[in-house]
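For reference, the structure is listed below as structure tokens.
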Amino acid sequence: MADTCADDHAVFTVWLFWSDGESKRNYQVFGDIMSFDAPIAQTAFGKQPDVVVTDQDPTMKKATEEVFIGSRHRLCMWHVMHKLSSKVGVTLCNTTDFKQCICDIVWTDSLTPDEFEEDWHSVIEDFELSNNNWLADIYDMRESLIPTYYRDELMTGLMRTTLRSESEKHFLDKFVM
């Protein structure tokens, strides 16, 4: 589905909804899961989504809570981890095993919450990052971000949905002016 508008010179795509085969299979298994990578002005849904995945935009968080009452709000891990180097330092990420250590605990759902917290504090202490406000914020958001806290929910791989949206946007940008 798509909607367009036109001016005197061209026709523009205003919005586009795309559902590929993988999305359709995921719907059959997991139910409705929505992923946003841009603000949405107005939309209509036939059914309340079970899960809404967004980036860290506070406006999207608020809108999700107000519009999709009862839906579980989760954060896109890709958007958060994409900021890692800029928030803790490129040198730390590229010259030590910090990035591997942090990724090993944030991307897995095999840890219990207690194991995650123990490993998190160990990494933060080992790399002397206890004063890093961004990492403290990530830790505070852990229950809506870290898979170990919702490992019993049927969401396998879906915390990277906005990465999929970013990839599709990049692909579609080649065809849309």
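The values are calculated or read from the model by the stated rules, or taken from the named source; none is laboratory data. The structure displayed is predicted, hence computed values, not measured ones. Cβ sites come from the backbone with ideal geometry, for glycine too, and all protein chains shown count toward neighbours. Heavy atoms of the whole protein, side chains included, go into the accessibility calculation; ligands, DNA and RNA do not. Shrake-Rupley method; radii C 1.70, N 1.55, O 1.52, S 1.80 Å.
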Given the criterion modelled with pLDDT under 95 and in contact with a strand residue (DSSP E or B) (Cβ under 6 Å, 6 or more places away or on another chain), identify the matching residue among CYS103, CYS76.
CYS76
In region 108-131, what residues are exposed (fewer than 15 other Cβ atoms within 10 Å of the Cβ) and within 21 Å of LEU92 (Cβ to Cβ)?
HIS121, SER122, GLU125, ASP126, GLU128, SER130, ASN131
Hand me the list of helices (runs of 4 or more DSSP H) wholly inside region 52-101 holding 2 or more residues that are in contact with a Pro (Cβ under 6 Å, 6 or more places away or on another chain) and of a type in the set (S, T, N, Q).
none
Filter result for ASP57 (acidic (Asp, Glu) and open to solvent by less than 70 Å² (accessible area, probe 1.4 Å))
yes
Out of THR148, THR161, sole residue that is open to solvent by less than 20 Å² (accessible area, probe 1.4 Å), at pLDDT below 80 and either within 18 Å of GLN100 (Cα to Cα) or of a type outside the set (A, V, I, L, M) (or both)
THR161
Failed item, numbered, when TRP134 is tested on (1) open to solvent by less than 40 Å² (accessible area, probe 1.4 Å); (2) part of a helix (DSSP H, G or I); (3) within 24 Å of ASP152 (Cβ to Cβ):
(3)
